[in-house]
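All remarks here apply to the structure that follows.
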Amino acid sequence: MAEKTLFQKIIDREIPSDIVFEDEQCVAFRDVNPQAPTHILIVPRKPIPTLDDLTEDDGPLVGHLFLVAKQIAAAEGLDDGYRTVFNCGKNAQQSVFHLHLHLLGGRSFSWPPG
Ligand code: DGP
């Protein structure tokens, strides 16, 4: 069997994390190296490595991750807005190859991103 990803170990409670939300499809926990006052990673239980590995069947799952982001943003009081990011691959600096949606908020962000 393939080695579990770091995030799979977090989902399986083998590595501790600050979990803020979970349901049958995903787990959301605070990023260990936050880039904003609120920085949460929303991770599908299904171990999809990157955005490039998504199939048509994963469409509802990806939609669900965004709906969870919206729900957490409200719970975190991010009333002035927030940013959601999927980093994909080398140029986007993806470092953990288990799909995750970053939810960032609590400060103003610049555009274009660095
Ligand atoms: P990315 O670069 O898009 O692959 O984002 C990976 C994120 O994962 C990065 O912002 C730091 C975070 N991270 C790495 N290791 C851990 C960990 O052990 N626990 C938590 N909570 N976050 C982690």
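The values are calculated or read from the model by the stated rules, or taken from the named source; none is laboratory data. All values reported here derive from a predicted model rather than from experimental measurement. Because the Cβ atoms are built from the backbone with ideal geometry, glycine has one as well, and the counts that use them run over all protein chains shown. With ligands, DNA and RNA removed, areas are computed over all heavy atoms of the protein, side chains included. Shrake-Rupley method; radii C 1.70, N 1.55, O 1.52, S 1.80 Å.
Of note:
- Computed from backbone phi with θ = phi - 60° and the Karplus coefficients 6.51, -1.76 and 1.60, the 3J(HN,Hα) list for segment 88-96 is 10, x, 4, 5, 8, 6, 5, 10, 10 Hz; x is used for glycine and proline.
- Global geometry of segment 61-114, whether rounded, prolate or oblate, following the gyration tensor of its Cα atoms and the 1.5 cut on a/c: oblate
- For R45, the residues whose amide H sits under 5 Å from its own are C26, V27, ignoring neighbours fewer than 5 places away on the same chain, with H placed 1.01 Å from N.
- Most mobile listed residue (K46, K90, K70) in the chain, GNM with C-alpha springs under 10 Å: K90
- Volume per residue that the Cα convex hull of the chain spans, once the total is divided by residue count, Å³: 118 Å³
- The share of accessible area on segment 20-114 that comes from carbon and sulfur is 52 percent, using a 1.4 angstrom probe.
- Each helix, a run of at least 4 DSSP H residues, gives -39500 (n - 2.57); summed and divided by the residues of the chain, these come to -6000 deg cm²/dmol at 222 nm.
- Per residue, in Å², the accessible surface of the chain once ligands and nucleic acids are set aside, probe 1.4 Å: 61 Å²
- Cα long-axis angle, helix 59-75 against the chain (0 to 90 degrees, to the nearest 10): 40 degrees
- Charge dipole of the chain (Cα centre as origin; +1 on each Lys and Arg Cβ, -1 on each Asp and Glu Cβ, all else neutral): 340 debye, rounded to the nearest 20.
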